[in-house]
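What follows is a short report on a single structure.
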Amino acid sequence: MVSMSSIASNVYAVEPQFNAPRGVAVDSSGNVFVVDSGNDRIQKFSNTGNFIRMWGSFCDVFGGKECNGQFDQPRGIAVDSSGNVFVADSGNNRIQKFSITGSFISKWGSSGSGNGQFSEPHQAAVDSSGNVFVADDGNNRIQKFSNTGTFISKWGTPGSGNGQFSDVFGVAVDRRSGQQNVFVADFDNHNIQKFSNTGTFIRKWGSQGSANGQFNHPNNVAVDSSGNVFVVDENNHRIQKFTNTGGFIRKWGSEGTGNGQFNCPEGIAVDKSGNVFVSDFCNDRIQKFSNTGTFIRKWGTTGSMSLSSASENLPNPSGGVQLNPPGAATNSSQNTGSIDTQDEYASNFPSVSATNPSQNTKSIDTQDETASEFP
């Protein structure tokens, strides 16, 4: 039996590291998936920011390489109600499908403009039937596929008219029963466009600017369980919230490094409770907010270190691996604890710095929260 004091003496205080985090998604159990683009990997966290696992490394498909489970500048991510994870492997012009634990399942796509081909796919979204929608940026279109990658339909051409795009960056689906409408962040046209599930244009809103309801390069979009639409207004360094028909509700954020501030935010996702997760791209971190924009917590710092090579695989009372609680203050002479009482890995272990880089380490793979169907 491992004593509590023995565990505490061997636990490192480690902050998750990112290099240009882009896409973010949440599964039905609240786990948070982050596309760590510059490190060519996916990182998975609990809803409160505790590291669970990661997968991926760099590989390009030039020369016919398979590169299954590897990436070249991945950008977007989505999770379906069965827990399958879809990654827009942008540099390799394809979509990869994984299990909830990161096991490779399948892939589709290649470079080009034909059906099922891509030119730097930026984002993916999934409807309640499991269909996959891809923002095919370089081709200025949306492509729709079955859950296994069979091409279904496409829409969009270059331009500024209804149903046309100029750099289609983000895509999201309103997964409420009877809805399934598709929302697209039209980056260089500075607007949001709404379509039916089959691609029929419904409406759009936005123009270039910094006033309420205006955008300066909207990068991404998400829809909550009430149908509210959240937009990453990248170059205004803020999040804007709208009704399902585009009515402005509120905004939050400004340029900076403080809590609730952003530096070129990119990805956004909303969990079942309405909490909003934003990938703060140039600040190399994830920020979590309430549905009304109140700051809750943050995690991440700049780097490429793998937590699985920085921490011992030692048990704690919850069965997970105790890392530095995200958002908690750290001091090697004081006990630290999570600021979130619902943090399933919270403890009062002393925070001990990793000062011996030559020490052998083991891979950590904390227990996953089981994904379940959306209600």
_Sum of side-chain charges, residue 283 neighbourhood, beta-carbon under 15 Å (Lys, Arg +1; Asp, Glu -1)_ = -1
*the range 150-205 to the range 230-270: how many Å between their Cα centroids?*
19 Å
*asked:* Run the numbers for residue 68 and residue 129: contour at 0.36 nm per residue of separation, minus the present Cα-Cα distance, in nm.
replied: 19.4 nm
*Taking 1 over the mean of 1/r across every pair of different Cα atoms in the range 48-202, what Kirkwood radius in Å do you get?*
15.6 Å
*asked:* Relative contact order for the range 59-188: what percent, with Cα pairs under 8 Å and sequence separation of 6 or more?
replied: 16 percent
*Take the Cα gyration tensor of the range 13-133, multiply each eigenvalue by 5, square-root it, and list the three semi-axes largest first, rounded to whole angstrom.*
23, 17, 11
*asked:* Highest mean first, how do 137-150, 72-85 rank when packing is the count of other Cβ atoms within 10 Å averaged over residues?
replied: 72-85, 137-150
*Give the Cα extents of the range 206-282 along the principal axes, in whole Å, largest first.*
30, 27, 16
*Quote the convex hull volume per residue of the range 144-294, based on C-alpha atoms, as a whole number of Å³.*
112 Å³
*Do any of 144/204; 97/194; 97/144; 204/288; 107/272; 241/272 go past 18 Å between their Cα atoms, and which?*
144/204; 97/194; 204/288; 107/272
*Going by the alpha-carbon gyration tensor, a ≥ b ≥ c the square roots of its eigenvalues, is the range 110-187 rounded (a/c under 1.5) or, if a/c is not under 1.5, prolate (a/b greater than b/c) versus oblate?*
oblate
*Please give the solvent-accessible surface of residue 54 in Å², to the nearest 10, using a probe radius of 1.4 Å with every protein chain present.*
50 Å²
*Once label points are set 7 Å from the Cα along Cα→Cβ at both residue 292 and residue 200, what is their separation, rounded to one decimal in nm?*
3.7 nm
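The values are calculated or read from the model by the stated rules, or taken from the named source; none is laboratory data. Nothing here was measured: the structure is a model prediction, and the numbers come from that model. Reconstructed Cβ throughout: ideal geometry from the backbone, glycine too, with neighbour counts over all protein chains shown. For accessibility, only protein heavy atoms count, side chains too; no ligands or nucleic acids. Shrake-Rupley method; radii C 1.70, N 1.55, O 1.52, S 1.80 Å.
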